[in-house]
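S.K.: One structure coming up, written as structure tokens, with questions to follow.
Every number in this text was worked out from the coordinates using simple rules, so none of it is lab data. What you see is a predicted model; the values in this text were computed from it and never measured. FYI the Cβ positions are ideal-geometry reconstructions off the backbone, even for glycines, and counts take in every protein chain you see.
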Amino acid sequence: MAAPGFRPFLITAATAALAACSPLELGVGAGAATGVAAAQERGLGGAARDTALSVQIQELWFRTNYEMFGRLSCTVSERRALLTGKVQDPEMRVEAVKLAWQAEGIAEVINEIEVVNTSSLVDSARDYWITAQLRAQITFDKDVHSINYSIDTVNGTVFLMGIARSQAEHDRVTNHARNLAYVRRVVSYVRVRA
């Protein structure tokens, strides 16, 4: 079930979102996004490249199967794509990975897509709660540069992606995750800068 017109859809959605903003809000938002990207270990150029790769992958999913686009998440760091989410069909899982490899410039695809028969609203709410709690904890931890970490939670499994400034910082983040209620396991794809 292909979905035509992804780029026009994005342009329309972006235009609608921007129309609701004042010029001051637009300037502050753009400045904040640029500041965040520049503060990350990968720098502004690396953040822009990774964002473009993520958009490519999501566009491929959208054009191929809208359900795939709606069920899956893609986080890209240093040209490495972490795919997470839940699908009911194993073939959709395989197709999502195959499409991710088609993004021009991708260096690695990490497949953490789960094939599940059912997932309740309570499970999804728990996953969002875990992600929000972990994001808050690492944001307020003075020994963690939280901007360098992406967090995805699927069925109680926390997936970490990004760049740690040291092994000690990485250990702090994983310990924060492990100590949260409802976390079943923590899977880290974080690279440690020496």
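S.K.: Mind running the shape call on region 93-194? Use the C-alpha gyration tensor, a ≥ b ≥ c as the square roots of the eigenvalues: rounded below 1.5 for a/c, prolate if a/b tops b/c, oblate otherwise.
M.R.: Numbers: a/c = 2.44, a/b = 1.15, b/c = 2.13.
Oblate is the answer for region 93-194, as a/c is 1.5 or above yet b/c matches or exceeds a/b.
S.K.: Take Arg126, Arg193 and order them by how many other Cβ atoms sit within 10 Å, fewest up front.
M.R.: Arg193, Arg126
S.K.: Applying the Karplus parametrisation 6.51 cos²θ - 1.76 cosθ + 1.60 with θ = phi - 60° to the phi angles of region 93-106, what ³J(HN,Hα) value in whole Hz is obtained for each residue in order, glycine and proline being reported as x?
M.R.: For region 93-106, the Karplus curve yields 4, 5, 5, 4, 5, 4, 5, 4, 5, 7, 5, 5, x, 6 Hz.
S.K.: OK, next. Please rank Tyr189, Tyr128, Tyr149, fewest neighbouring Cβ atoms within 10 Å first, as an exposure proxy.
M.R.: Neighbour counts put them in this order, fewest first: Tyr128, Tyr189, Tyr149.
S.K.: Return the long-range amide H neighbours of Val109 (sequence gap of 5 or more, or a different chain), with a cut-off of under 5 Å between placed amide H atoms.
M.R.: Ala81
S.K.: Which ³J(HN,Hα) values in Hz, rounded to whole numbers, follow from the phi angles of region 56-66 under the Karplus curve 6.51 cos²θ - 1.76 cosθ + 1.60, where θ = phi - 60° and Gly and Pro get x?
M.R.: 4, 4, 5, 5, 4, 4, 4, 5, 7, 7, 4
S.K.: I've got another one for you. Asp123 to Lys98: extension gain in nm, 0.36 nm per residue of separation minus the Cα-Cα distance?
M.R.: 6.2 nm
S.K.: Something else about it: Starting from the amide H of Ser188, placed 1.01 Å from N in the peptide plane, find each other amide H under 5 Å away whose residue is 5 or more places distant or on another chain.
M.R.: So Ser188 has HN proximity to Leu160.
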